[in-house]
Amino acid sequence: MAQFTSSTTSESTAIQAAPASLPPTGAIPSPTRPQPRTTRYDTAVVGLGYVGLPLCLAFARAGASALGIDTDRTKVSALAAGRSYIKHIAASDVAAATAGRRFHATTEFREASEADSVLICVPTPLTANRTPDLSYVANTARSLAPHLRRGQLVVLESTTYPGTTEEVVKPILEQGSGLVAGRDFHLAFSPEREDPGNPRSRLSEVPKVVGGLTPACRDRAADLYRRIVKDVVPVSSCGVAEATKLTENIFRAVNIALVNELKMIYSQMGIDVWEVINAAATKPFGYMPFYPGPGLGGHCIPIDPFYLTWKALEYGQRTRLIELAGEINTAMPEYVVARVIDALNDAGKPVRGSRVLLLGLAYKANVDDDRESPSYEIMKLLEKRGAVVAYNDPHVPVILAGRSHHDVAGRMSLPITGDHDVMVLCTAHEEYRGFDFAKLGVPLVDCRNFATLRPAAYHRA
């Protein structure tokens, strides 16, 4: 394999003219047979976040050569130095891949032309109006298109609505490259299934769903993923694969909304919803436990269902259950704040001027990912009422600037002390499980039913 070399050429985003004529719909010829291997990389991955970086390392461990592409130069520099910026990914794994010359990171999209396949793993957030924001996907496709060559495989992994691969990615790639998908290059969709922070979840053990523009596209993508996963699940189209990912996350969002609603109802009845769920979970069939919380967070469950809601309108359909689940889940921070107010009232203190410590900014236990975390909404609601809010999170030592919450960027995690009027346990980090909250004598509002050494003034939320 050729030596890795650094590049100083600026990233090109120019779009070439579209081909003079394209074959009619349904008449795409069989893909051109790939030429003999002359490339430096088996695969390139665009987007080196919680999905893309693990993919690169998986290919490197499998003996393949991987190119990582990201517009964030700080990430590229860290990886070149063998450092990890994601807590659950060991720096030793990054260092081993780079030292073994199986992984190279760059900001240059033009280097993607030197890979046999290109995987797109970029964000798909919602706009302020809760409509799909495909700007990251579209911009990535525009940046790749001028460097696309015959015989390559392009796979979209970013979660999105059915039709995105064919309606958004395909025309951009074709226009910018002058090539035809399904004839000159392969195009497929395979949804990511990362489970950060779960030590039992290994990428190689999670089946990979793959759908292609044509059967040949699907088979090419399936062959690629078989290098790093044990089971590949081929499906009939990109749309089926896109819908599969949405269905998985809608299932979770709806069931979490159900137990969140039950929590509020049972609380009024004096019934512990966690005890109910644990008892119900003893049934060996027909039931799967989901647990309530302060709201939804992360890059999937709070966002993905609304991609289908938006797309369904094109077909004159309403996703009423999804929308109702969204209303319940997004209302949970308000419920938590109401319980905080109750805790302060019981202590004879007003909200205004009270010192509140949130325990956990990450959206999920034992990870450093704070995207869409409900803790931020709880923080905002409490501060709007005049509370003085700080946070503790052993996994998020400082709030970094992101796509939102710019107003609190730079705040740092504070130690857990008795210098607060109330604490709110938002994230079930392992560090909080055995922490002695009883000795502090500060009221605790527990959104996760997680604390074991509880103070006398203990409130569930």
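Read-outs throughout are calculated quantities, based only on the coordinates presented, and are distinct from any laboratory measurement. Everything quoted here is computed from the prediction, not taken from an experiment. For neighbour counting, all protein chains shown are included, and Cβ atoms are generated from backbone atoms with ideal geometry for every residue, glycine included.
In what sequence do Val232, Val356 fall when counting other Cβ within 10 Å, fewest first? Write out the running numbers ahead of the final one.
Details: Val232 19, Val356 25.
In order of increasing Cβ crowding within 10 Å: Val232, Val356.
Work from the charge dipole of the chain (Cβ charges, +1 for Lys and Arg, -1 for Asp and Glu, about the Cα centre) and give the residue of Gly197, Leu79, Thr160 farthest towards its positive end.
Positive-most Cα among the choices belongs to Leu79.
For the residue pair Ala138 and Ala438, what label-to-label distance in nm results when each label sits 7 Å from Cα along the Cα-to-beta-carbon direction?
The modelled label-to-label distance comes out at 5.8 nm.
With θ set to phi - 60°, apply the Karplus curve 6.51 cos²θ - 1.76 cosθ + 1.60 along the range 211-228 and write out the HN-Hα couplings as whole Hz, x wherever there is a Gly or Pro.
Values per residue, Gly and Pro as x: x, x, 4, 10, x, 5, 4, 4, 5, 5, 5, 4, 4, 4, 6, 5, 6, 10 Hz.
Compute the Rg/Rh shape ratio of the range 152-276: radius of gyration over Kirkwood radius, all on alpha-carbon atoms.
1.16
Of Ala138, Cys217, Leu119, which is farthest along the charge dipole of the range 41-237 in the positive direction, counting Lys and Arg as +1 and Asp and Glu as -1 at C-beta?
Farthest towards the positive pole: Leu119.
Would you pull out the residues with amide H under 5 Å of Val232's amide H, same chain only if 5 or more places away, H placed 1.01 Å from N?
Under 5 Å from the amide H of Val232 lie the amide H atoms of Lys208, each far enough along the sequence or on another chain.
What is the ratio of the Cα radius of gyration of the chain to 2.2 N^0.38 Å, with N the residue count, to two decimals? Walk me through the numbers on the way to the answer.
Values: Rg = 24.1 Å, N = 461, 2.2 N^0.38 = 22.6 Å.
Dividing the Cα radius of gyration by 2.2 N^0.38 Å gives 1.07.
Kindly provide the trypsin sites (Lys or Arg not before Pro) of the range 371-441 that DSSP labels as loop, not H, G, I, E or B, and whose Cβ sees at most 16 other Cβ atoms within 10 Å.
Arg385, Arg403, Arg411
Rounding to the nearest 10 and keeping the result within 0 to 90°, find how far the Cα-based axis of helix 332-346 lies from the longest principal axis of the chain.
For 332-346 against the chain, the angle is about 20 degrees.
Determine the shape class of the range 259-328: with a ≥ b ≥ c the square roots of the Cα gyration tensor eigenvalues, call it rounded for a/c under 1.5, and otherwise prolate if a/b is greater than b/c, oblate otherwise. Before the final figure, lay out the partial values.
Working: a/c = 2.39, a/b = 2.01, b/c = 1.19.
Verdict is prolate for the range 259-328.
Using a ≥ b ≥ c from the Cα gyration tensor of the range 331-460 (square roots of the eigenvalues), is it rounded, prolate or oblate, where a/c under 1.5 gives rounded and otherwise the larger of a/b and b/c decides, a/b for prolate?
On the way: a/c = 1.65, a/b = 1.21, b/c = 1.36.
It is oblate, given that a/c is not under 1.5 and a/b is not larger than b/c.
If you put +1 on each Lys and Arg Cβ and -1 on each Asp and Glu Cβ, how big is the dipole of the range 331-460 around its Cα centre, in Debye rounded to 20?
About 260 debye.
Calculate how steeply helix 374-384 sits against the longest principal axis of the alpha-carbon atoms of the chain, using the helix alpha-carbon long axis, and give the answer as 0 to 90 degrees to the nearest 10.
50
Only Lys, Arg, Asp and Glu count, each charged at its Cβ (+1, +1, -1, -1), so figure out the dipole size of the chain about its Cα centre, rounded to 20 debye.
Values: 49 positive and 48 negative charges, 129 e Å.
With only Lys, Arg, Asp and Glu charged at Cβ, the dipole is about 620 debye.
Restrict the search to the range 342-390; then list the GluC sites (Glu not before Pro) that DSSP places in a loop and that have at most 15 other Cβ atoms within 10 Å of their Cβ.
Taking the range 342-390 and a limit of 15 other Cβ atoms within 10 Å, no loop GluC sites (Glu not before Pro) are found.
On a 28 Å Cα-Cα criterion, which of the cross-link pairs Lys75/Lys384; Lys263/Lys349; Lys311/Lys384 come out too long?
Pairs exceeding the cut-off: Lys75/Lys384; Lys311/Lys384.
Which of rounded, prolate, oblate describes the range 41-237, given a ≥ b ≥ c as roots of the alpha-carbon gyration tensor eigenvalues and a/c under 1.5 marking rounded, otherwise prolate only if a/b is larger than b/c?
Rounded.
Restrict the search to the range 266-329; then list the trypsin sites (Lys or Arg not before Pro) that DSSP places in a loop and that have at most 10 other Cβ atoms within 10 Å of their Cβ.
Counting only loop positions with at most 10 other Cβ atoms within 10 Å, the trypsin sites (Lys or Arg not before Pro) in the range 266-329 are Arg318.
So what are the ³J(HN,Hα) numbers for the range 58-66, from phi and the Karplus equation (6.51, -1.76, 1.60; θ = phi - 60°), rounded to whole Hz, Gly and Pro as x?
Residue by residue, the range 58-66 yields 5, 5, 4, 5, 7, x, 8, 9, 10 Hz.
Could you calculate the FRET efficiency of Ala390 with Arg202 from 1/(1 + (r/R0)^6), where r is the beta carbon distance between them and R0 is 51 Å, rounded to 0.05?
Efficiency, from the Cβ-Cβ distance: 0.90.
Residue by residue through the range 312-325, which ³J(HN,Hα) values in whole Hz follow from phi under the Karplus form 6.51 cos²θ - 1.76 cosθ + 1.60 (θ = phi - 60°), with glycine and proline marked x?
Values per residue, Gly and Pro as x: 4, 4, 4, 9, x, 10, 10, 9, 5, 5, 5, 5, 5, 4 Hz.
Roughly speaking, what is the stretch gain from Lys283 to Leu453, that is 0.36 nm per residue apart minus the C-alpha to C-alpha distance, in nm to one decimal? The partial results should precede the final answer.
Numbers: separation 170, 0.36 × 170 = 61.20 nm, distance 2.94 nm.
The span from Lys283 to Leu453 would gain 58.3 nm if fully extended.
Which of the aspartates and glutamates could a cross-linker span from Lys230 if the Cα-Cα distance has to be under 16 Å and same-chain partners fewer than 8 positions apart are dropped?
Glu192, Glu194, Glu205, Asp219
Search the structure for amide H atoms under 5 Å from the amide H of Tyr391, placed 1.01 Å from N in the peptide plane, and list their residues when 5 or more places away or on another chain.
So Tyr391 has HN proximity to Leu358, Leu414.
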